[in-house]
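The values are calculated or read from the model by the stated rules, or taken from the named source; none is laboratory data. The model shown is predicted, which means the values in this text are computed figures rather than measured ones. Using ideal geometry, Cβ is built from the backbone for each residue, glycine included, and neighbour counts are taken over all protein chains shown.
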Amino acid sequence: MSDMAPDFTLPSTTGEDITLSALRPAPVVLFFYPRDDTSGCTVENLDFTALLPEFEAAGVKVFGISKDSMASHEKFMAKKSLTVPLLSDESDTVCEAYGVWKEKKMYGKTFMGIERSTFLIDGEGRIAKEWRKVKVPDHAAEVLAAAKAL
């Protein structure tokens, strides 16, 4: 797959807005997750936090994205000692652009939500690899291996 990753600018817990295209030529990992401070999302964020030094050593930028507000993100990061910057997509535009805003079912109810997905974007802004319907165990390590192989 060599589709260009949809560009965006979103507010970040770094305190500044992050524009995807401005990060080039660094490769970028975007992991979309459903909600701050829920069990799977917490584990996923902790796994990426644990591996962040290795991503950084490889020159790869990593960001988590959900529809939660900046206030929610900041609380989540502080509570769980997370170091991966989180981006807030409250308007859904980025979730829609990446095709992760999906109809989901839980306990017999249908609702719209983020399908846990990760995108590895190369230094030219192309989607090098994507993971859909992510299962959290070992996922961050798998993404790190793919990023190092770019």
Subject >> the range 114-127, residues that are under 14 Å from residue 21 (Cα atoms) and either in contact with a Leu (Cβ under 8 Å, 6 or more places away or on another chain) or modelled with pLDDT under 95 (or both) >> reply: 120, 121, 122, 123, 125, 127
Original post:
Which one of 108, 113 is at positive phi and not β-branched (Val, Ile, Thr)?
Top reply: 108
**OP:** For the range 90-102, state whether one or more residues are in contact with an Asp or Glu (Cβ under 6 Å, 6 or more places away or on another chain) and free of Cβ contacts under 8 Å to residues at least 24 places away in the same chain.
**Re:** yes
**OP:** Please enumerate the residues belonging to the range 116-132 that are over 22 Å from residue 49 (Cβ atoms) and not hydrophobic (A, V, I, L, M, F, W, C).
**Re:** 122, 123, 124, 125, 126, 132
**OP:** Go through 114, 127, 121 for me and flag whichever is under 23 Å from residue 5 (Cα atoms), of a type in the set (Val, Ile, Thr) and touching an Asp or Glu at 6+ places or on another chain (Cβ under 8 Å).
**Re:** 127
Original post:
Do you know which residues across the range 114-131 are under 18 Å from residue 42 (Cα atoms) and part of a loop (DSSP other than H, G, I, E, B)?
Top reply: 115, 116
Original post:
For the range 5-51, what are the residues that are among the hydrophobic types (A, V, I, L, M, F, W, C), touching a strand residue (DSSP E or B) at 6+ places or on another chain (Cβ under 6 Å) and surrounded by fewer than 19 Cβ atoms within 10 Å (Cβ to Cβ)?
Top reply: 23, 26
Subject >> Positions within the range 51-74 being under 15 Å from the mean Cα position of the chain (by Cα) and more than 19 Å from residue 12 (Cα to Cα), in sequence order >> reply: 51
Subject >> Among residues of the range 56-100, those that are of a type in the set (A, V, I, L, M, F, W, C), over 16 Å from residue 121 (Cα atoms) and surrounded by fewer than 19 Cβ atoms within 10 Å (Cβ to Cβ), counted >> reply: 4
**OP:** Just one of (1) over 15 Å from the mean Cα position of the chain (by Cα); (2) under 20 Å from residue 69 (Cα atoms); (3) hydrophobic (A, V, I, L, M, F, W, C) trips up residue 150, so point out which.
**Re:** (2)
Original post:
Within the range 116-146, how many residues are among the basic types (Lys, Arg), under 15 Å from the mean Cα position of the chain (by Cα) and surrounded by fewer than 18 Cβ atoms within 10 Å (Cβ to Cβ)?
Top reply: 4
